[in-house]
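Some notes on the structure that comes next.
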Amino acid sequence: MPGLQDVTRGRLLYGGDYNPEQWPPHVWPDDVRLMREAGVNLVTVGVFSWAALQPAPDRFTFDWLDTVLGLLHDGGIGVALATPTASPPPWLGHRHPDTLPEGPDGIRRLYGSRNQYCPCAPAYRRAALAITEAVAARYAHHPALRLWHIGNEYGTACHCGHCAERFRGWLRGRYGDLDGLNAAWGTAVWSQRYGDWAEVLPPRRVQYVINPSQDLDYQRFCDAMLLECFTAERDAVRAHNPAVPVTTNFMDFYRHTDGWRWAAAEDLVSLDTYPDPNDPLAAMRAAMSKDLMRSLGGGRPWLLAEQSPGAASWRPVATPIRPGLNRLWSMQAVARGADGVLHFQWRASRQGAERGHGAMLPHAGADSRVHREIRALGAELAGLSEVVGATVPSDVAFVLDWDAWRAVELEHQPHDGFRYTDRVLEYYAPLWRDNVTCDFAPADGPLSRYRLVVVPNLYQVGPAAAANLAGYVTAGGTLVVGPFSGVTDPDERVYTGGWPGPWQDLLGVRVEEHWPLPDGELLDVVSDTLGDFTATMWAEWTVSRGADPVATVRGGPLHDRPVVLRNGHGAGTAWYVATLPSPDAMRRLLRRICAEAGVAPVLPDLPPDVEAVRRGGLLFLLHHDTGKVEIRREGNRDPAPD
Ligand code: GLA
Ligand code: ZN
């Protein structure tokens, strides 16, 4: 199977999106010269070129792309060639209005922007496959071609009649017949029973709250339809040349596409990430995304497909990133497993919606602060070839589950501010601050190689995942489970008899009630071993069933209820945390758990804001604050030189 190693060929990749159709041809040779001088060796071409390649349904214009690919190839620059299907030209929507997506309100989204397609519309599927076929037939053996970039940032949702029809078919496949559907969706509630498949609809605008199982299934369905679109294009390009690897670009933590399924369908994982320079947690959030990408690819190197060397024009306040920050964030990507650093985009657009977006070659031109940094980074990455292909060791895995994520954020949950990724970040933050490297893992995947498995939340859990995590602890692992977990089954049916439904034995606790707290209310918690602390947002009426209470509530209706519990189970240990402890308390808790589980930081006792990651034989030390820090290492140098 082809992979990133076929693209890198031993060198870190460096470059960005290149949109030559926005520029007159006399600019192109200049672009290539400047790219070479900046150390660029890979550019992504064609992402939004559909109209330029097929100006009318029966007319293809490839001459300009022939010229561009020729120039790039002559300049020694490889190409990630896109299938341009993320943004159909106006002629498609004009001739086939049914290819335009409908919102839940039944209103059609028109052309004039981008991403205006219904993933189920037969006319869109046909047209997308036709342009993909044409591009693949012409370029699959082009010497500049290194990688296929399918579509762009899949995520478009539609609620139209085509989607309704496909949804019914998808539900038939899942539940067999209407009895199965009625049972799974609990349609006995509010007189929702379906007697005919034609009655079944996507969640559209309704009078009051939508059926949660219908909502959840529609999210799963939309994901499946987008994946079908991707797979069809992937297969079309592969048929022309199976040696060229295929990817599509993911977006950080994105609820609408299940990363585990998507990553399994592509040859390599790639990420678009735009950390907010005004967010004090930007570096931590970015680290988390990068760890996720490495994990989605099973630990293999991944590609940073987009970041901005300047501003991200879609931000309400589009502050550019300060000097040095693009380098820092690029090195963070490489440290956390990236074998390439690409940007959006090469040359700043003069027109269109992204005219204010940062670029490697900004409006100011090559004689600019940003471009000088781009050149310096290109030179630096060219000297880092030894890291190419190397892996990033980790003893800790975070369970990440898209079904649980979608389900916990359905309407009418006990606290509508309970956000899955916030829960993940609360556990990730103290480990990141202590320089403990973390992977992510699916709930039903192999876990035995980890010393510690963290489940920040698993509100919805099925039998396979429940057994997998219990088996991990029985065999000697250490597990931490966060609040509001083990509440529903995959149909979104509540477990009865106390929570966490399938894990009361494993965790040695029985939860009788979930107890969300109003904003601003602090829960007072006492603990001999962790020190007293406060917690917010969430608590639970717990009853220990054999677990040791490590921290308990003081005062109020939950007085004396344990909210941190530790339970020996089989050869391992399982912790349950039934609230959201303050950041300091989380840090103390996780330090204790790591110490017990034998999880060590990459380097202990580093100054704050210094991130340490080991990759292959290199130790990366990244300082996220401005100013100087001094780090002294004494004694034996360990086998990893820095
Ligand atoms: C996304 C897209 C790019 C561009 C950038 C701007 O990542 O893939 O085409 O629009 O956003 O930040
Ligand atoms: Zn549709």
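The values are calculated or read from the model by the stated rules, or taken from the named source; none is laboratory data. Quantities reported herein were computed from a predicted structural model and do not represent experimental measurements. Cβ atoms come from the backbone with ideal geometry, glycine included; neighbour counts cover every protein chain shown. Ligands, DNA and RNA are excluded from the accessible area calculation, which covers all protein heavy atoms including side chains. Shrake-Rupley method; radii C 1.70, N 1.55, O 1.52, S 1.80 Å.
Quick look at the numbers
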item	result
Average accessible surface area per residue within the range 396-597, 1.4 Å rolling probe, Å²	36 Å²
Amide H contacts of residue 248 (H built 1.01 Å from N, under 5 Å, at least 5 apart or other chain)	150, 270
Prolate/oblate/rounded label for the range 304-410 (Cα gyration tensor, a/c 1.5)	oblate
Shape call, the chain: gyration tensor on alpha carbons, a/c limit 1.5	oblate
Coil-residue trypsin sites (Lys or Arg not before Pro) of the range 414-470, DSSP, other Cβ within 10 Å capped at 12	449
Solvent-accessible surface ranking, highest first, for 631, 150 at 1.4 angstrom	631, 150
The range 151-216 and the range 290-344: distance between their alpha carbon centers, rounded to Å	37 Å
Average Cα contact separation per residue, the chain, under 8 Å, 6 or more apart, as relative contact order %	11 percent
Estimated inter-spin distance, residue 541 and residue 141, nm [label 7 Å along Cα→Cβ]	7.3 nm
Relative contact order (%) - criterion: Cα under 8 Å, at least six apart; region: the range 388-542	19 percent
Rounded, prolate or oblate (a/c below 1.5 giving rounded, otherwise prolate when a/b exceeds b/c) for the range 82-196 by Cα gyration tensor	prolate
Fully extended contour minus Cα-Cα distance, from residue 172 to residue 628, at 0.36 nm per residue	158.0 nm
Sites residue 464 and residue 191, calculated FRET efficiency, Cβ-Cβ separation with R0 45 Å, nearest 0.05	0.85
The chain, accessible surface, carbon-and-sulfur percent (1.4 angstrom probe)	51 percent
Rel. contact order, % - alpha carbon contacts under 8 angstrom, at least six apart, the range 350-444	30 percent
Distance (nanometres) between label positions extended 7 Å along Cα→Cβ at residue 64 and residue 379	3.5 nm
Separation between Cα centres of the range 63-118 and the range 503-529, rounded to whole Å	50 Å
